[in-house]
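Q: Pasting a structure below so you can have a look.
All of the numbers you see were taken from the coordinates with simple rules; none came from a lab. This structure is a prediction, so every number in the text was calculated from the model and none was measured. Note that we place each Cβ from the backbone using ideal geometry, even for glycine, and neighbour counts take in every protein chain shown.
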Amino acid sequence: MASWNEKLIKAASEGSLTDLKLSIDNGADLEYRDTDDDTPLLNSVYYGHMKTVKYLVSVGCNKECRSKVRYRLI
């Protein structure tokens, strides 16, 4: 069974705001990094899911995070 952190990454990548909120409510780490070293916020930005991007920023995700290849959000 996937952890809440893994579910958070999946929800961010797929743009599922409901699953994203559920994962966060169950203690998922907002700065958890997947196997590509990307955070939920980086995944939401990459896949163009603006609703999840806005929500993640509103709950305190690090807007200054960088991906493995040093890409930044801003």
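Q: Give me the dipole magnitude in Debye, nearest 20, for the range 1-60 about the Cα centre, with unit charges on the beta carbon: positive for Lys and Arg, negative for Asp and Glu.
A: 300 debye
Q: Of T39, T18, T52, which is the most mobile in a GNM of the chain whose springs link Cα atoms less than 10 angstrom apart?
A: Residue with maximal mean-square fluctuation among T39, T18, T52: T18.
Q: Check D38: other-chain or 5+ apart residues with amide H under 5 Å from its amide H, H built from backbone geometry?
A: none
Q: For K68, go through the aspartates and glutamates and keep the ones whose alpha-carbon is under 15 Å away, minus same-chain ones fewer than eight residues off.
A: Straight-distance partners of K68: E31, D34, D36, D37, D38.
Q: How high is the relative contact order of the chain, in percent, counting Cα pairs under 8 Å that sit 6 or more residues apart?
A: 29 percent
Q: Here are several values of percent of Cα pairs over 21 Å apart: [x] 50; [y] 59; [z] 13. Which one was derived from the coordinates shown?
A: [z]
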